[in-house]
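Step one of this worksheet: look at the structure below.
The values are calculated or read from the model by the stated rules, or taken from the named source; none is laboratory data. Nothing here was measured: the structure is a model prediction, and the numbers come from that model. Here Cβ is always computed from backbone atoms with ideal geometry, including for glycine, and neighbour counts include all displayed protein chains. Calculation scope for accessible area: heavy atoms of the full protein, side chains included, ligands and nucleic acids excluded. Shrake-Rupley method; radii C 1.70, N 1.55, O 1.52, S 1.80 Å.
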Amino acid sequence: MKSLSFERAKEKDRADGLASKRGEFLLPENIIYLDGNSLGPVTKNATKRIKEVTEKEWGVGLIRSWNDSGWVDLPKKVGSKIAPLLGVQAENVIMADSTSVNLFKVLSVACAAHPCRKTIITETNNFPTDNYIIEGFTRQLDRGFEITYVDKPEDIISSINKSVSVVVLTHINYKNGEMLDISEITKATHKAGALIIWDLAHSAGAVPLELENWRVDFAIGCSYKYLNGGPGAPGYLYVADRHIGKFNQPLTGWFAHKSPFAFKPQYEPAEDISQYLCGTPPVLSSIALDAALDVWTNVNLQDVRQKSLELTDYFIKLVEQCCSDPALQLITPRDHKLRGSQVSFTYPEGGYAIMSALIEDGVIGDFRAPNILRFGFTPLYTSFSDVWLAADKLKTILETRSWDHPRFHDRKLVT
Ligand SMILES: *Cc1c(COP(=O)(O)O)cnc(C)c1O
């Protein structure tokens, strides 16, 4: 550890142009938070807004606040704040429901484009909810859909042929943090005449995105990870201009109606992105998300990316230098082009216990079954000192095997 001393980490912090952003978050003292890829911390702005909303807008304004405080506009307003993070126009993004529900909606629309094509492509290692939704969707329609599960990222492009209706992929894998090439895979998909849906759960706010330039058809994502919207904050979805209004998503709730408050007996679809809403939005969660998104004002996403790569490089280097336990294996790509904003290691026996011991020691990452230790790096509030301290604590836990105590092995429901 001598050559890469803690002083060096502090020097890096002093030179960090994003360091001042950390002050906009409420982070507990003596905690090193490396789990913003699962649940981002609360912003000071969000706590203030939630208080105002409950006391004034809800407390005093009551139902009048749907109009007077603009609650009814939140899905579009929040969508327009997320749009620059995706590299698209404001009117193509809307906040709604959850990522899972949004996948069902856009998948239905995407499949309607080519009724004769019956294949949906996904990755075997896609986030489970994506594959569960695809399976549930195909079962429900009973239209002879077949799902092709691609085992390895390098085989995705060769599996896209002219029988494919829709390709559903997650840009950055939740387990190992591997990043796919959206531009290249989208091009190959279009060449085969198919459409593509990208899940951006681990991408928006973590890496710069240019969905419009890449000609992406649909995208979905959640806002409680890198966007810091709060536990269970609503998801969002993107629909390219060329698809808006062509087919209707099937959850035709009243908020997807052209004029919800006309209370007409017949459903008439909204002509814009609002057709992708379903029912009443969760106002308190939406307000927290709306406030949290202000943290991105004047943030250059290229700077975020650069710091993210520096943080992840630094962590990998420190862990490999100081943790000599051969059972600990890096599974995140070293190649920057293939890496998102997290670092994962496997540890065959005891991965869960090691993470529990780290958490007790004030370093919060998480564990993904069966054996993955996951560390998320979020440039707006992760410092180089955090990284150094986390690696140092991991080293001690591994060297002393302090993790091998019964209290660390007892598995909780949420890991
Ligand atoms: C976290 C995550 C989700 C979560 O979906 P919800 O519907 O919000 O529970 C979906 N997809 C991916 C890739 C994720 O990482």
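Among all residue pairs at least 6 apart or on different chains, which show Cβ distances below 7 Å where the first residue, located in the stretch 273-299, is open to solvent by 20 Å² or more (accessible area, probe 1.4 Å) and the second is polar (S, T, N, Q) and in a helix (DSSP H, G or I)?
If the second residue must be polar (S, T, N, Q) and in a helix (DSSP H, G or I), the pairs left are Asp294/Asn45.
Please count how many residues of the stretch 61-95 are under 23 Å from the mean Cα position of the chain (by Cα) and on the phi > 0 side of the Ramachandran plot.
Count: 1.
Would you confirm, using the coordinates I've provided, whether Leu251 is within 16 Å of the ligand (Cβ to nearest atom), of a type outside the set (Val, Ile, Thr) and open to solvent by 40 Å² or more (accessible area, probe 1.4 Å)?
Considered against the rule, which asks whether it is within 16 Å of the ligand (Cβ to nearest atom), of a type outside the set (Val, Ile, Thr) and open to solvent by 40 Å² or more (accessible area, probe 1.4 Å), Leu251 comes out as yes.
For residues that are assigned to a loop (DSSP other than H, G, I, E, B), within 16 Å of the ligand (Cβ to nearest atom) and open to solvent by less than 20 Å² (accessible area, probe 1.4 Å), tally how many sit in the stretch 231-248.
Residues in the stretch 231-248 being assigned to a loop (DSSP other than H, G, I, E, B), within 16 Å of the ligand (Cβ to nearest atom) and open to solvent by less than 20 Å² (accessible area, probe 1.4 Å): 3 in total.
Identify all residues within the stretch 370-393 that are of a type in the set (A, V, I, L, M) and within 13 Å of Ala353 (Cβ to Cβ); write none if there are none.
Of everything in the stretch 370-393, just one residue is of a type in the set (A, V, I, L, M) and within 13 Å of Ala353 (Cβ to Cβ), namely Leu373.
State all residues of the stretch 8-21 that are open to solvent by 80 Å² or more (accessible area, probe 1.4 Å) and either modelled with pLDDT under 95 or of a type in the set (Lys, Arg) (or both); if no residue qualifies, say none.
Within the stretch 8-21, Arg8, Arg14 meet the criteria.
Any idea which of (1) modelled with pLDDT under 95; (2) touching an Asp or Glu at 6+ places or on another chain (Cβ under 9 Å); (3) not β-branched (Val, Ile, Thr) is the one Gly340 doesn't satisfy?
(1)
Just one of (1) under 19 Å from the mean Cα position of the chain (by Cα); (2) in a helix (DSSP H, G or I) trips up Val299, so point out which.
Result: Val299 passes all but (2).
Quick grid of which residues meet (1) within 12 Å of the ligand (Cβ to nearest atom); (2) surrounded by 23 or more Cβ atoms within 10 Å (Cβ to Cβ); (3) modelled with pLDDT under 95:
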site	(1), (2), (3)
Thr170	yes, yes, no
Lys175	yes, no, no
Lys187	no, no, no
Leu195	no, yes, no
Asp199	yes, yes, no
Pro208	no, no, no
Trp214	no, no, no
